[in-house]
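The values are calculated or read from the model by the stated rules, or taken from the named source; none is laboratory data. Just so it is clear, the structure is predicted and the values come from calculations on it, not from any experiment. A quick note on method: Cβ atoms are made from the backbone with ideal geometry, for glycine too, and the neighbour counts reach across all protein chains shown.
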Amino acid sequence: MDMNATTHRRRTRVAFRPACRLFLAIPLGVLVTLGCGEPDSTNYDESRVPDYSLPAILQTADGTAVERPDQWLGRRAEILALFEEHVYGKAPDAPAEMRFEVLEEDGYAVGGLARRKQVLVEFAGESTGPGMEILLYTPQAADGPVPVFAGLNFGGNHTVRADPEIRLTKAWLRDGEGVVRNRATEEARGRSASRWPVETILSRGYGLATVYCGDLDPDFDDGFENGVHPLAPPRLPGDWGAIAAWAWGLSRTLDYLEADPHADGGRVAVMGHSRLGKTALWAGARDDRFAMVISNNSGCGGAALSRRRFGETVERINARFPHWFARNFHAYSDREEILPVDQHMLLALVAPRPLYVASAQDDRWADPRGEFLSAMHAGEVYELLGERDLGATEMPPANQPLTGTVGYHLRTGKHDVTAYDWDRYLDFADMHLRTADAP
Ligand code: GTR
């Protein structure tokens, strides 16, 4: 497919959608968590998607066409630097002083199916500095290191399963169910269990590592005074925001997994939902030690093409979440056309590693079609590197996954992570992370 400058044209017609008024009675904190905030002017009409021209992935800054696999590394470095400077911000290297303390070595969990491990990571090598806690499950039955899914969670490790042995996070949480005065309570245990089908993951021979995103950066705009930002305080407009800090934490999780005897650090799939799906993509793009990358309903600033301005836009995301991206990204609010990159290039940074993008039909705010197109366009780098692209130029019907080295599905239902999504990720991992001698 030749897509050096991919141009899309649409007719312009004006349409309006109903506002989110139903939610007005809900307290503001909950509103932010729920992700409501779709203004009346939100575009949900394909005919109102503006004409746009995507920046070429396979053409270097000096105009040279990238036609051979050996030219890709140089172009990849250029694209990565653009995302760092203009979108997510530059994060520091791994800290030299980092220390792992195993708090629980061999917990008997999930009815004997799992070995549960809890590990404290101290980034500055001291208990008073920033740190995070990893909850790691690996199958008891495995006789060697297993491939692992690694992902951040929204509410604390204790929300992943109703298990009294999981440490309640001491970190800041937004008030809501099971959270009182920004602290976790026992009631919150297992609150997000539907998003983490631990039994299924383990019984299919995989491990699961998860960390609370708020250990790395509590999700509010505080001028970057908490979490890991003090390790390298953002001063320049191209320095790290919250997503970059969360992604950095995923790389530190991988540092630990590389050292754990039960996990295979060479077969870690980074996975995330929504804002944490944006994070999984950025983590997988920057850190090529991640063997597979999965984006679940990541939307604007994640898998969706910014230039389509369908659902959430750059302007809207910067206004509501000013701390997520580098300060430079604010210059593109309502000016997507001058962004030096678009999100298909972020996905391309994952190549030739397996990449899976998942959308949900009712999740129009995340622009499912924009997520599909982005994955499709990224395919040209997979092709160049001898891997399979999506194998389709039309969006597939709901619940009919496409699986090349780039995978995609549109699930029925709303913005969420469901058993259906996980079954697809496990199938995809079976295709790409299993080796003949793997446990
Ligand atoms: C929404 C936000 C989305 C998405 C979502 C989430 O409020 O607009 O970009 O990240 O939150 O993380 O749940």
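Looking at (1) at pLDDT 95 or above; (2) surrounded by fewer than 18 Cβ atoms within 10 Å (Cβ to Cβ), which one does Glu84 not meet, given that it meets all the others?
Among (1) at pLDDT 95 or above; (2) surrounded by fewer than 18 Cβ atoms within 10 Å (Cβ to Cβ), Glu84 violates only (2).
What number of residues in the range 182-218 are more than 19 Å from the chain's Cα centre (by Cα) and within 30 Å of Ala232 (Cβ to Cβ)?
Residues in the range 182-218 being more than 19 Å from the chain's Cα centre (by Cα) and within 30 Å of Ala232 (Cβ to Cβ): 3 in total.
Can you find a residue in the range 338-357 that is surrounded by 23 or more Cβ atoms within 10 Å (Cβ to Cβ), part of a strand (DSSP E or B), in contact (Cβ under 8 Å) with a residue 40 or more places away in the chain and in contact with a Pro (Cβ under 9 Å, 6 or more places away or on another chain)?
Yes; the residues of the range 338-357 include at least one that is surrounded by 23 or more Cβ atoms within 10 Å (Cβ to Cβ), part of a strand (DSSP E or B), in contact (Cβ under 8 Å) with a residue 40 or more places away in the chain and in contact with a Pro (Cβ under 9 Å, 6 or more places away or on another chain).
Test Val66 against the stated conditions and say whether it is at pLDDT 95 or above and farther than 25 Å from Leu257 by Cβ. Don't jump to the end; show me each part of the working.
Numbers: at pLDDT 95 or above: yes; farther than 25 Å from Leu257 by Cβ: yes.
Spelling it out, Val66 is indeed at pLDDT 95 or above and farther than 25 Å from Leu257 by Cβ.
For the range 401-421, how many residues are within 23 Å of Ala348 (Cα to Cα) and either in contact (Cβ under 8 Å) with a residue 60 or more places away in the chain or of a type in the set (S, T, N, Q) (or both)?
The total comes to 3.
Evaluate the following for Tyr425: is it hydroxyl-bearing (Ser, Thr, Tyr), assigned to a helix (DSSP H, G or I), more than 16 Å from the ligand (Cβ to nearest atom) and free of Cβ contacts under 8 Å to residues at least 24 places away in the same chain?
On the way: hydroxyl-bearing (Ser, Thr, Tyr): yes; assigned to a helix (DSSP H, G or I): yes; more than 16 Å from the ligand (Cβ to nearest atom): yes; free of Cβ contacts under 8 Å to residues at least 24 places away in the same chain: no.
Spelling it out, it is not the case that Tyr425 is hydroxyl-bearing (Ser, Thr, Tyr), assigned to a helix (DSSP H, G or I), more than 16 Å from the ligand (Cβ to nearest atom) and free of Cβ contacts under 8 Å to residues at least 24 places away in the same chain.
Does the range 283-299 hold any residues that are closer than 20 Å to Tyr408 by Cβ and away from the ligand (no atom under 14 Å from the Cβ), and which are they?
So in the range 283-299, the residues closer than 20 Å to Tyr408 by Cβ come out as 283-285, 290-299.
Within the range 283-299, Ala283, Gly284, Ala285, Phe290, Ala291, Met292, Val293, Ile294 qualify.
For the range 305-337: of the residues being among the polar types (S, T, N, Q) and either touching a His at 6+ places or on another chain (Cβ under 9 Å) or in a helix (DSSP H, G or I) (or both), which is farthest from His229 (Cα to Cα)?
At the first step, the residues of the range 305-337 found to be among the polar types (S, T, N, Q) are 306, 313, 318, 328, 333.
Keeping just the survivors that are either touching a His at 6+ places or on another chain (Cβ under 9 Å) or in a helix (DSSP H, G or I) (or both) gives 306, 318, 328.
On the way: Ser306: 27, Asn318: 19, Asn328: 17 Å.
This residue is Ser306.
Exactly one of (1) away from the ligand (no atom under 16 Å from the Cβ); (2) within 25 Å of Gly190 (Cα to Cα); (3) among the small types (Gly, Ala, Ser) is unmet by Ala280. Its number?
Going through (1) away from the ligand (no atom under 16 Å from the Cβ); (2) within 25 Å of Gly190 (Cα to Cα); (3) among the small types (Gly, Ala, Ser) one by one, Ala280 breaks only (1).
Leu103 - would you say it is surrounded by fewer than 16 Cβ atoms within 10 Å (Cβ to Cβ), within 23 Å of Ala259 (Cα to Cα) and modelled with pLDDT of 95 or more? Full working, then the answer.
Working: surrounded by fewer than 16 Cβ atoms within 10 Å (Cβ to Cβ): yes; within 23 Å of Ala259 (Cα to Cα): yes; modelled with pLDDT of 95 or more: yes.
When the stated conditions are applied, Leu103 passes them.
Let me confirm something: among Gly207, Gly190, which residue is modelled with pLDDT of 95 or more, away from the ligand (no atom under 16 Å from the Cβ), closer than 23 Å to Ala429 by Cβ and not acidic (Asp, Glu)?
Result of the check over Gly207, Gly190: Gly207.
Going by the conditions given, is Leu305 closer than 26 Å to Pro234 by Cα and either within 16 Å of the ligand (Cβ to nearest atom) or not hydroxyl-bearing (Ser, Thr, Tyr) (or both)?
On the way: closer than 26 Å to Pro234 by Cα: no; either within 16 Å of the ligand (Cβ to nearest atom) or not hydroxyl-bearing (Ser, Thr, Tyr) (or both): yes.
Judged against the criteria, Leu305 is not a match.
Show the residue pairs meeting these rules: Cβ distance below 7 Å; 6+ apart or different chains; first residue within the range 80-102 and closer than 19 Å to Gln59 by Cα and aliphatic (A, V, I, L, M); second residue modelled with pLDDT of 95 or more and part of a loop (DSSP other than H, G, I, E, B).
That search, which allows pairs on different chains as well, returns Leu80/Leu349; Leu82/Pro340; Leu82/Val341.
Residue-by-condition table, conditions (1) out of contact with any strand residue (DSSP E or B) (no Cβ under 9 Å at 6 or more places or on another chain); (2) loosely packed, with under 15 Cβ neighbours inside 10 Å:
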residue	(1), (2)
Leu136	no, no
Pro147	no, no
Leu152	no, no
His158	no, no
Arg161	no, no
Gly178	no, no
Thr185	no, yes
Arg189	yes, no
Ala209	no, no
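Scan the range 301-323 and tell me whether some residue there is closer than 18 Å to Tyr212 by Cα and surrounded by 24 or more Cβ atoms within 10 Å (Cβ to Cβ).
Going residue by residue through the range 301-323, those that are closer than 18 Å to Tyr212 by Cα are 323.
Still in the running and surrounded by 24 or more Cβ atoms within 10 Å (Cβ to Cβ): none.
No, the range 301-323 contains no residue that is closer than 18 Å to Tyr212 by Cα and surrounded by 24 or more Cβ atoms within 10 Å (Cβ to Cβ).
Against the conditions (1) within 16 Å of the ligand (Cβ to nearest atom); (2) in a strand (DSSP E or B); (3) of a type outside the set (Gly, Ala, Ser), where does Asp221 fall short? Just the number, please.
If we test Asp221 against (1) within 16 Å of the ligand (Cβ to nearest atom); (2) in a strand (DSSP E or B); (3) of a type outside the set (Gly, Ala, Ser), just (2) comes out false.
Taking the range 275-300, which residues are surrounded by fewer than 24 Cβ atoms within 10 Å (Cβ to Cβ) and among the aliphatic types (A, V, I, L, M)?
Ala291
Could you tell me whether the range 253-268 includes any residue that is buried (at least 24 other Cβ atoms within 10 Å of the Cβ), closer than 25 Å to Gln343 by Cβ and within 16 Å of the ligand (Cβ to nearest atom)?
No, every residue in the range 253-268 fails to be buried (at least 24 other Cβ atoms within 10 Å of the Cβ), closer than 25 Å to Gln343 by Cβ and within 16 Å of the ligand (Cβ to nearest atom).
How many of the residues making up the range 200-218 are charged (D, E, K, R) and outside any helix (DSSP H, G or I)?
Residues flagged as charged (D, E, K, R) and outside any helix (DSSP H, G or I) within the range 200-218 amount to 2.
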